[in-house]
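Scroll down for the structure; my scribbles are underneath it.
The values are calculated or read from the model by the stated rules, or taken from the named source; none is laboratory data. Everything quoted here is computed from the prediction, not taken from an experiment. Cβ atoms come from the backbone with ideal geometry, glycine included; neighbour counts cover every protein chain shown.
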Ligand SMILES: *Cc1c(COP(=O)(O)O)cnc(C)c1O
């Protein structure tokens, strides 16, 4: 068996050691007589998995005690709808800063439940930069300000935390959580689907400042209520226990590799190498994102002639480099280089890109 370097944007590559560990524990988990996914989520075995996953995630991301950690189903998109339901009064203003596709999605999910205001948008320049903070039009009465920390499709990433005063800042960290140290206290809420940087699809995390959970929000079913979810240990109903377990293994792997400071170093090395390969190609490859806002996780790029897209993908696959096709919204190519992608994978891609240009340039 030979595993390729997998540049998929999500579901994305998992560390091989995590997959092997899960394989070893597939039939029987730690002498339990069954796999973890065949046992009650309320039994002592799964409780251990759940408690460790939370403790490890808190240690990895640096989550203070006055923040709750929830393990959530429904992906990041569902959280985008739950934010106004839990934290905005009906018709209350909520400010959104749109820096790409996922910011727009967040607006569509929240629109039925709040008075959505676009405080700033990068759309006018094709989402190639982040609108300057001075140009944002924030509402004083807003329930929160929402940003997308890393735009997975457009390859645009906030490189610092915007100051939004006393209004809580909510951030979609789906594709960059645990890739560098962050100051959680600058945020009211952080949420992420797991399938980019934290584990498999089917689970996500929401990190919420506890005082915000006292907000009344709007009428909603129990299952959509973060406060009730917290009171029930994220198990108001049967949680996705296999995904939770896999997330726990992935977080343990990140801690063992050196934690977020180490992944920040690796991400800088990987993304710098890739952007240099693109910028140094004399226009054969191009990425138009402002260098100050370029994502360290997702690198979209275009070949100078889109007739070369198909040969590029086919020859890359033959070279053991897969999932480089860009998102249908943008076309072109995209290399997602999350924590599980080793530097060697990006070196192999950079070398392939040079050779491809020699053959076709
Ligand atoms: C992938 C992604 C989403 C959507 O996640 P789902 O789990 O499919 O709902 C939302 N925001 C960002 C930034 C993403 O990368």
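Out of 90, 59, which single residue is at pLDDT below 95 and closer than 30 Å to residue 166 by Cβ? Working first, answer last.
On the way: 59 fails: at pLDDT below 95.
Only one candidate qualifies: 90.
Quick test for you: out of 199, 193, pick the one residue that is surrounded by 24 or more Cβ atoms within 10 Å (Cβ to Cβ), over 22 Å from residue 96 (Cβ atoms) and either in contact with a strand residue (DSSP E or B) (Cβ under 6 Å, 6 or more places away or on another chain) or in contact (Cβ under 8 Å) with a residue 60 or more places away in the chain (or both).
Exactly one of 199, 193 is surrounded by 24 or more Cβ atoms within 10 Å (Cβ to Cβ), over 22 Å from residue 96 (Cβ atoms) and either in contact with a strand residue (DSSP E or B) (Cβ under 6 Å, 6 or more places away or on another chain) or in contact (Cβ under 8 Å) with a residue 60 or more places away in the chain (or both), namely 199.
Does residue 126 satisfy the condition of being surrounded by fewer than 22 Cβ atoms within 10 Å (Cβ to Cβ), under 25 Å from residue 234 (Cβ atoms) and within 22 Å of the chain's Cα centre (by Cα)? Spell out how you get there, then give the answer.
Details: surrounded by fewer than 22 Cβ atoms within 10 Å (Cβ to Cβ): yes; under 25 Å from residue 234 (Cβ atoms): no; within 22 Å of the chain's Cα centre (by Cα): yes.
No.
From (1) without any contact (Cβ under 8 Å) to a residue 60 or more places away in the chain; (2) assigned to a loop (DSSP other than H, G, I, E, B); (3) in the same structural domain as residue 156 (by TED's automatic domain parsing), pick out the condition that doesn't hold for residue 233.
Every condition holds for residue 233 apart from (1).
Among the residues of the range 163-183, write down those that are over 21 Å from residue 109 (Cβ atoms) and away from the ligand (no atom under 14 Å from the Cβ). Give the derivation first.
First pass over the range 163-183, keeping only residues over 21 Å from residue 109 (Cβ atoms): 163, 165-166, 178-183.
163, 165, 166, 180, 181, 182, 183, listed by residue number.
For residues in the range 144-162 being within 26 Å of residue 115 (Cα to Cα) and without any contact (Cβ under 8 Å) to a residue 60 or more places away in the chain, which is nearest to the ligand (Cβ to nearest atom)?
148
For the range 324-349, give me each residue that is part of a loop (DSSP other than H, G, I, E, B) and over 26 Å from residue 256 (Cβ atoms). Explain how you work it out, then say what you get.
So the first thing to find is which residues in the range 324-349 are part of a loop (DSSP other than H, G, I, E, B), and the list is 324, 326-332, 337-342.
Answer for the range 324-349, where residues must be part of a loop (DSSP other than H, G, I, E, B) and over 26 Å from residue 256 (Cβ atoms): 324, 326, 327, 328, 329, 330, 331, 332.
Considering only the range 108-128, state which residues are in a helix (DSSP H, G or I) and more than 12 Å from the ligand (Cβ to nearest atom). Steps first, answer last, please.
Kept after step one, since they are in a helix (DSSP H, G or I), are these residues of the range 108-128: 108-113, 123-125.
Within the range 108-128, 110, 111, 112, 113, 123, 124, 125 meet the criteria.
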